[in-house]
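Undergrad: Quick one: the structure is below, and I'll ask about it shortly.
The values are calculated or read from the model by the stated rules, or taken from the named source; none is laboratory data. None of the values given here were measured: they were computed from a predicted structure. Backbone-built Cβ (ideal geometry, glycine too); neighbour counts: all protein chains shown. What goes into the accessible areas is simple: the full protein's heavy atoms, side chains included, and nothing from ligands, DNA or RNA. Shrake-Rupley method; radii C 1.70, N 1.55, O 1.52, S 1.80 Å.
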Amino acid sequence: MANNILEIRNYSKTYPNGKKAVDDLSITVQAGEIHGFIGLNGAGKTTTIRAVVGVMDFSQGDILIDGHSIKSEPVLCKAMTAYIPDNPDLYDYVTGMQYLNYMADMFGISLRDRKERIHRYAETFGMSKELGELIGSYSHGMKQKVALIGAFLHQPKLLVLDEPFVGLDPEASFHLKELMHELCSSGSAIFFSTHVLEVAEKLCDSVTIIKNGRKIVSGTVEEVRGSGTLEDAFMEVAEHDE
Amino acid sequence: MNKYGLLLRMQLYNSFGINRMLHSHETKERKRVILSTLSGILISALLIFYSSIYCLGLAMTNLTNLLPAISVLLCSVISLFITLMKGVGVLFGMRDYDMVMSLPVNSFSVVTSRLTASYLQNIVGCLLFVVPATVIFGIFAHPSSGALIMFLCATLFMPVIPMILAMAVGALITVFSSRTHHSNVASIILNFAFVLLIMFGSLQISSTKGAQFVSISNMVGSMVNKIYPPAILLTNAVNRNHVLPFLGFAALSILLGAIFIFVIAHFYQKLNAAFTTTRQKTSHKVAAALKISTPFGALYRREFHQLFSCSTYVLNSTFGIVLLLIAAVMLQFFPIAILEKQMGMPAGTIRAIQPLLPLVPGLFATWSCSTCASLSLEGKSRWILCSIPVQPITIFNAKIAVNLTLSIPALLVSAILFCISLRPTIAVGILTFLIPILYAFFTAVFGMFLNVKFPNYDWTSTTNAVKNGTSVMISSFSGIAVGILPLIVCTMFPEFITVIIAGISALLILITVLLYHKLKRTSLYA
């Protein structure tokens, strides 16, 4: 049996105003896989991601993290997941180090591991000198880096990223891609949304394209792009009705 | 519409909740706005009632001539409070500063629109007193229609100078404290000092009883006219039906307002830079900074960081217990007889009301609620709390624990001080320790419950979250009711004090336990 880290089963989300944001979506991401989640603005990507990480309630369908339902075992699922939203608003009133220590406490990371990992990731993202300063004084990119360090700290089984490359400098983007591969090679999975199709094509093992809340196509990058590029496949989907 | 108008309209969209009411399709959101509006109407009705009673008192004792000066005094105090409580966040260090300043508008329009929105809120507060005062002045003093119009129109100018004063002092406090090592501590202390100064001044002026009403009111009237020259202009204009002093009053307010706007607009960017500048930390060591703790411990520690990151939040959350401690300490240094005389009480009153002692610290505990805004303050960062692997009740427990950490030590210290100075019976002494703790638990849990029900995440400054939420409003007023009602009932039925206190305690325990159980079953979503 395949080791499914993320299973979205017939997930639908309807907002109180009656708008159906996501309709009967099913996606599976296996261990070691980087899965790109692609769609136009307002397609339902963030709505799906928020449900996957348990920050948004939903009634139809189910989402399983390593076989556990986010609905019935939210704490267990969250303990295996790390999430970075598209615009990570962190606590402006704490220092970067205090934030990372807080996240380490939340995920029960030993003192030895947190020291080692914070040191390593801070060095990787060039943030070692800035961790003693208040997050409020950071630029958008620096906040993004601290959020990423916080996400990698507990070596999550599932890493969920919403537009992770926005605001990152080229060097940090490069290191992030390396860390994503490294995490997946240790048996974790990554589910991330992006609008940068070149990145998705190079980085992902599989992709899902959604439009108006419905899955249009899903599969390995090779399957989805066919003989063209991922951009060609996406444009074909974007410009034509389902 | 010009740019000032557009900026002001955007400010007002955010101010009164009408826009949410009109455009939100969510029933929950609409209910929230309706509840806020109803609470606002209720509070306004109460204020109008009290100001009418006070003005009638003056009119019945033939002191209608003091109404203009008293109106200026009360409107000034109202404006000072509203402006100070809303904080300088109205003008400086706002979250949308970059966005607004990147628009093709000059800083003059930005400053003026922000001040106008704040001014309109002050005007609403002032009208609650001036309208009843004008009506009563019209009925009892039989003035000319010109004098009445001048009295009413003066409301437009009454908040201007106090607003400027409060903003200037608030700004100076913030800039000064941002230059110190412990910026927030300095800011909290200075803000406390300023609010206490206003309160002490107001109490000194208003502490009076029936027999002294005439002389004290006369004294207040002349004192206001002496210490606040614009008041004498209005007094002369209304009482003597002279237009010139009224124009002087209006011109002085407009002139000072204009100077303030021009100065602030001129240095707006520099002032904002001063506000957002924090002292750079030198170096840091990873090993030294890291400590391990439980998720609850980490949440609890972060709550304290959050609390002390906003001086208005600290002020709001600890005001009651600070006042209580001041009162308890004062009892140690001033003989009871002197305090009774100072407060205009007959000799022996304090000792006579000793059985009520356990309820007094409880009243102050209800004014010290941090939980009612603690969830709202998560704001846009709430995704972190929602995505960490802890039960929501652990998060609520941490917030409740911070509230209790603030209130319980202060309540215990004040209970010790009260027992030393008032020497109550053993039973009353024990209750003086226990009952306030029940109030503290009730206040913290009730505040948490309210904030879970009515979170306000869409704030533009932390002050806005601390001051403007429905949960904060309900918590403040219901807290005062829960604190004061038992005192009133005990005063009315002194022979049943023990039964009443026992009943109140049982009720507080029951409500607290029920609300806590409800919190335990609550889910937390962003």
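Undergrad: Taking the range A:49-60 only, how many residues are facing chain B (nearest Cβ under 8 Å) and either open to solvent by less than 20 Å² (accessible area, probe 1.4 Å) or in contact with a His (Cβ under 8 Å, 6 or more places away or on another chain) (or both)?
TA: 4
Undergrad: If residue A:45 passes every condition in (1) within 13 Å of chain B (Cβ to nearest Cβ); (2) touching a Ser or Thr at 6+ places or on another chain (Cβ under 7 Å); (3) among the charged types (D, E, K, R) but one, which one does it miss?
TA: (1)
Undergrad: When both residues are 6+ apart or on different chains and their Cβ atoms are under 8 Å apart, which pairs have a first residue that lies in the range B:388-406 and is among the basic types (Lys, Arg), and a second that is open to solvent by less than 10 Å² (accessible area, probe 1.4 Å) and part of a loop (DSSP other than H, G, I, E, B)?
TA: B:399/B:370; B:399/B:375
Undergrad: Exactly one of (1) within 25 Å of the chain's Cα centre (by Cα); (2) modelled with pLDDT of 90 or more; (3) polar (S, T, N, Q) is unmet by residue B:394. Its number?
TA: (1)
Undergrad: Could you check residue B:228 against (1) at pLDDT below 80; (2) within 14 Å of another protein chain (Cβ to nearest Cβ); (3) over 30 Å from residue B:106 (Cα atoms) and say which number it fails?
TA: Only one criterion is unmet by residue B:228, namely (2).
Undergrad: Within the range B:324-353, work out how many residues are assigned to a helix (DSSP H, G or I) and buried (at least 16 other Cβ atoms within 10 Å of the Cβ). Working first, answer last.
TA: Pass one, the range B:324-353, residues assigned to a helix (DSSP H, G or I): B:324-333, B:336-342, B:349-352.
From what's left, buried (at least 16 other Cβ atoms within 10 Å of the Cβ): B:324-325, B:327-328, B:331, B:336, B:339-340, B:350.
Result for the range B:324-353: 9.
Undergrad: Of everything in the range A:218-242, what is under 16 Å from residue A:29 (Cα atoms) and buried (at least 17 other Cβ atoms within 10 Å of the Cβ)? Give them in sequence order.
TA: Within the range A:218-242, A:218, A:221, A:224 qualify.
Undergrad: Which numbered condition trips up residue A:134, out of (1) within 23 Å of residue A:193 (Cα to Cα); (2) at the interface with another protein chain (Cβ under 9 Å from one of its Cβ atoms); (3) without any contact (Cβ under 8 Å) to a residue 60 or more places away in the chain?
TA: (1)
Undergrad: List the pairs whose first member sits in the range B:295-313 and is more than 7 Å from every other protein chain (Cβ to nearest Cβ) and under 15 Å from residue A:98 (Cα atoms), whose second member is open to solvent by 40 Å² or more (accessible area, probe 1.4 Å) and of a type in the set (Val, Ile, Thr), and whose Cβ atoms are under 7 Å apart, counting only residues at least 6 apart or on separate chains?
TA: The qualifying pairs do not exist here.
Undergrad: Scan the range B:113-146 residue by residue and report those that are open to solvent by 30 Å² or more (accessible area, probe 1.4 Å) and of a type in the set (Phe, Trp, Tyr).
TA: Selection gives B:119, B:140.
Undergrad: If you don't mind, there's one more thing I want to ask. Can you tell me which residues in the range A:119-129 are within 9 Å of another protein chain (Cβ to nearest Cβ) and open to solvent by 40 Å² or more (accessible area, probe 1.4 Å)?
TA: Looking only at the range A:119-129, we keep the residues that are within 9 Å of another protein chain (Cβ to nearest Cβ), and these are A:119, A:122, A:128-129.
Residues satisfying the conditions are A:119, A:129.
Undergrad: Which count do you get for residues in the range B:383-402 that are at the interface with chain A (Cβ under 8 Å from one of its Cβ atoms) and closer than 24 Å to residue B:460 by Cα? So that I can check it myself, show each step before the final result.
TA: First, the residues of the range B:383-402 that are at the interface with chain A (Cβ under 8 Å from one of its Cβ atoms): B:383-384, B:386-391.
Filter once more, keeping what is closer than 24 Å to residue B:460 by Cα: B:383-384, B:386-387.
Count: 4.
Undergrad: Continuing with the same structure: What residue, of A:81, A:14, is under 16 Å from the mean Cα position of the chain (by Cα) and either at pLDDT 90 or above or more than 26 Å from residue B:293 (Cβ to Cβ) (or both)?
TA: A:81
Undergrad: A further question on this structure: How many of the residues in the range B:304-319 are in a helix (DSSP H, G or I) and more than 12 Å from the chain's Cα centre (by Cα)? If you could, list the steps in order and put the result at the bottom.
TA: Step one: of the range B:304-319, the residues in a helix (DSSP H, G or I) are B:304-308, B:311-319.
If we keep only those that are more than 12 Å from the chain's Cα centre (by Cα) as well, we get B:304-308, B:311.
Of the residues in that region, 6 qualify.
Undergrad: Moving on to the next point. Identify, from the list B:67, B:80, B:120, B:115, the residue that is more than 25 Å from residue B:258 (Cβ to Cβ) and either part of a helix (DSSP H, G or I) or at pLDDT 85 or above (or both).
TA: B:67
Undergrad: Of (1) over 22 Å from residue A:5 (Cα atoms); (2) open to solvent by 10 Å² or more (accessible area, probe 1.4 Å); (3) more than 9 Å from every other protein chain (Cβ to nearest Cβ), residue A:155 satisfies all except one. Which?
TA: (1)
Undergrad: Scan the range A:61-92 for residues that are open to solvent by 50 Å² or more (accessible area, probe 1.4 Å) and either out of contact with any strand residue (DSSP E or B) (no Cβ under 9 Å at 6 or more places or on another chain) or within 11 Å of chain B (Cβ to nearest Cβ) (or both) and jot them down.
TA: Once the filter is applied, which keeps residues that are open to solvent by 50 Å² or more (accessible area, probe 1.4 Å) and either out of contact with any strand residue (DSSP E or B) (no Cβ under 9 Å at 6 or more places or on another chain) or within 11 Å of chain B (Cβ to nearest Cβ) (or both), the range A:61-92 yields A:68, A:71, A:73, A:76, A:86, A:87, A:92.
Undergrad: If residue B:364 meets every condition in (1) out of contact with any Phe, Trp or Tyr (no Cβ under 7 Å at 6 or more places or on another chain); (2) surrounded by 22 or more Cβ atoms within 10 Å (Cβ to Cβ); (3) under 30 Å from residue A:98 (Cβ atoms) apart from one, which number is that one?
TA: Condition not satisfied by residue B:364: (3).
Undergrad: Restricting the range A:18-35 to residues that are modelled with pLDDT of 90 or more and in a loop (DSSP other than H, G, I, E, B), which is surrounded by the most Cβ atoms within 10 Å (Cβ to Cβ)?
TA: Per the stated criteria, the residue is A:33.
Undergrad: Search the range A:100-118 for residues being open to solvent by 10 Å² or more (accessible area, probe 1.4 Å) and of a type in the set (Lys, Arg), and hand back the single one that is nearest to the other protein chains (Cβ to nearest Cβ).
TA: So, considering only residues that are open to solvent by 10 Å² or more (accessible area, probe 1.4 Å) and of a type in the set (Lys, Arg), the one nearest to the other protein chains (Cβ to nearest Cβ) is A:115.
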